[in-house]
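The values are calculated or read from the model by the stated rules, or taken from the named source; none is laboratory data. Keep in mind it's a predicted model, so treat the numbers as computed, not measured. Methodologically, a virtual Cβ is constructed for each residue, glycine included, from the backbone with ideal geometry; neighbour enumeration extends over all protein chains shown. All accessible areas refer to the heavy atoms of the entire protein, side chains included, with ligands and DNA or RNA removed. Shrake-Rupley method; radii C 1.70, N 1.55, O 1.52, S 1.80 Å.
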Amino acid sequence: MDSPTSAGDSSTARIVARSSMMESIRACGLSGLAGVRIDKEDLRRRLLMPEYLRLAMLDSIRKKEVDGGDQHFRLHGSDDVPCPESPMVVFINPRSGGRYGPVLKERLQQLISEEQVFDLHDVKPHEFVRYGLACLEKWANNGDLCAKETRQNIRVVVAGGDGTVGWVLGCLGELHQKGREPVPPVSVIPLGTGNDLSRSFGWGGSFPFAWKSAIKRTLHRATTGPIFRLDSWHVVLQMPGGEVVDPPHSLKATEECSLDQTLEIDGDVPDKVNYYEGVFYNYFSIGMDAQVAYGFHHLRNEKPYLAQGPITNKIIYSGYSCTQGWFLTPCMSDPSLRGLKNILRMHVRRVNCSEWEQIPIPKSVRAIVALNLHNYGSGRNPWGNLKPEYLERRGFVEAHADDGLLEIFGLKQGWHASFVMVELISAKHIAQAASIRLELRGGEWEDAFMQMDGEPWKQPMNKEYSTFVEIKRVPFQSLMISGE
């Protein structure tokens with residue numbers, strides 16, 4: 001049988017995965033601008049907001065009041081104040097990037113201003129949206145021309161890993177929900193371990209060695225780069241009441257959710273259920289890969305001195321995965337090391353289709369991933385670049401980050417996953433879907449492991465009642481700036 005993977009990649013206008021070593025070294029150095037000298041003062045003039053706007057936004061955020069910065073407008077106003085061509089704010093997670101976090105923060109403040117660089121431990125993204133941007137909107141409506149232009153043109157840079165980028169994108173999504181447009185587009189300085197979101201939009205996979213010059217080029221590209229759209233996916237978790245779960249940051253308890261009523265639940269439902277909801281941008285997974293990620297995160301939290309940077313993290317992660325039994329499945333009898341078929345039922349709804357369809361779980365699969373981007377696991381493309389005839393035969397379409405579809409694939413034991421991750425073979429293709437429902441029932445399993453965009457958690461299982469995970473596309477798309 002012919003391989004489903006294309007021999008050559010097709011050229012498209014969309015952003016595609018790049019996993020070469022050269023890309024990791026370039027990171028956010030942006031090779032297209034490597035020979036261009038960027039003047040520091042000229043860059044600052046393009047990015048720097050007028051002082052009264054900076055201080056008004058910051059006071060509004062600190063006081064958590066839209067009116068908190070009004071005194072700066074009354075004192076200064078916008079008469080004859082030049083507006084920046086490309087106003088910009090930066091969110092930085094100083095704990096990311098190993099030892100570079102604090103010095104990077106200082107460098108960004110020197111290049112722009114202290115008031116426009118937000119430490120995520122001090123200023124949360126939702127505070128910026130609800131108070132900082134709202135302050136600009138108020139005074140734009142009051143006739144302040146500079147506030148109006150700044151609000152229209154502002155862009156956001158996120159210095160952190162995929163989880164940090166997703167956090168900021170989710171908070172900016174509030175603007176869509178409340179009709180407060182335009183929504184600022186986002187660029188990335190990659191400081192995490194995998195940095196798959198960053199890779200997918202051309203910002204590289206790691207923090208560059210020549211980072212001081214690279215930061216200037218990154219800020220310059222963030223002001224001029226074209227804007228692409230990114231699907232985001234809403235997750236609802238329904239679990240029997242009384243079960244205790246420690247959800248990740250991206251998953252919040254709620255009382256206002258429900259599952260799709262067009263797909264009936266087969267079996268009894270407990271009198272009390274708990275709901276959680278969240279959003280992901282890259283992937284949702286269940287199974288052994290999430291279990292390894294969960295163990296790694298706990299190890300890193302217990303021994304933070306081990307987390308000295310992305311390369312160290314990857315080495316520890318690889319070593320830890322070898323201790324979890326993924327490579328020794330045929331020799332193990334523990335039920336927790338058997339296939340997901342024992343505990344999982346999956347339904348999908350295909351694009352432009354109102355009916356749910358049950359999809360069989362392959363017997364050998366121990367991890368199932370629903371992927372939105374081309375990049376997974378530090379720049380790998382497990383779905384593969386598939387031949388047109390294979391796509392047609394399977395009823396698939398070419399995958400893109402804004403096509404309203406998730407690619408669902410499976411990983412078997414560790415050896416299979418290893419060959420997939422070095423791109424010798426593709427993963428086990430299961431389906432493409434516009435909506436997904438997963439139903440889990442305990443049996444001999446006490447817990448399952450799940451993760452969203454690299455944030456794992458342990459999900460308790462119940463022998464009598466099912467736990468449900470339902471995934472649907474958010475009706476609006478996020479805006480990402482291309483670094484290419």
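Descriptive notes on the structure:
- Length released on extending from Ser364 to Glu174, taking residue separation times 0.36 nm less the Cα-Cα span: 64.3 nm
- Label-to-label distance, Lys472 versus Lys341, with points set 7 angstrom from Cα along the beta-carbon direction: 3.1 nm.
- Förster radius 30 Å - calculated FRET efficiency between Arg62 and Ile227, Cβ distance, rounded to 0.05: 0.50
- Other residues whose C-beta falls under 13 angstrom from the C-beta of Asp67 contribute a net charge of +2, scoring Lys and Arg +1 and Asp and Glu -1.
- Reachable lysines from Lys272, criterion Cα separation under 30 angstrom, eight or more residues apart if same chain: Lys252, Lys341, Lys458, Lys463, Lys472
- Sorting Val279, Val244, Val129 by accessible area puts them as Val244, Val279, Val129; the probe is 1.4 Å, largest comes first, and only protein heavy atoms count.
- Karplus 3J(HN,Hα) series, Hz, for the range 110-121 with 6.51 cos²θ - 1.76 cosθ + 1.60 (x for Gly, Pro): 5, 6, 10, 5, 5, 6, 9, 10, 9, 6, 5, 7
- When a 1.4 Å probe is rolled over the protein heavy atoms, the share of accessible surface on the range 40-225 that falls to carbon and sulfur comes to 45 percent.
- Prolate/oblate/rounded label for the range 347-415 (Cα gyration tensor, a/c 1.5): oblate
- Accessible area (Å², 1.4 Å probe, nearest 10) - Arg217: 40
- Local charge for Asn274 was computed over the other residues whose Cβ lies under 14 Å away, with Lys and Arg +1 and Asp and Glu -1, and equals -4.
- When the alpha carbon coordinates of the range 40-225 are projected onto the principal axes, the ranges are 45, 36, 27 Å, largest first.
- Overall dimensions of the range 37-122 by Cα: Rg and Dmax, Å: 14.4, 44
- Computed from phi, the 3J(HN,Hα) profile of the range 475-484 under the Karplus parametrisation 6.51, -1.76, 1.60 (θ = phi - 60°) reads x, 10, 10, 7, 10, 10, 8, 7, x, 9 Hz, with x in place of Gly and Pro.
- C-alpha center-to-center spacing [the range 156-200, the range 212-228] in angstrom: 15
- Per-residue Karplus couplings for the range 226-243, computed as 6.51 cos²θ - 1.76 cosθ + 1.60 with θ equal to phi - 60°, are listed in order as x, 10, 10, 9, 9, 5, 10, 10, 8, 10, 10, 10, 10, 9, x, x, x, 6 Hz, Gly and Pro entered as x.
- Cβ-derived FRET efficiency at R0 45 Å, Ser354 paired with Glu51, nearest 0.05: 0.25
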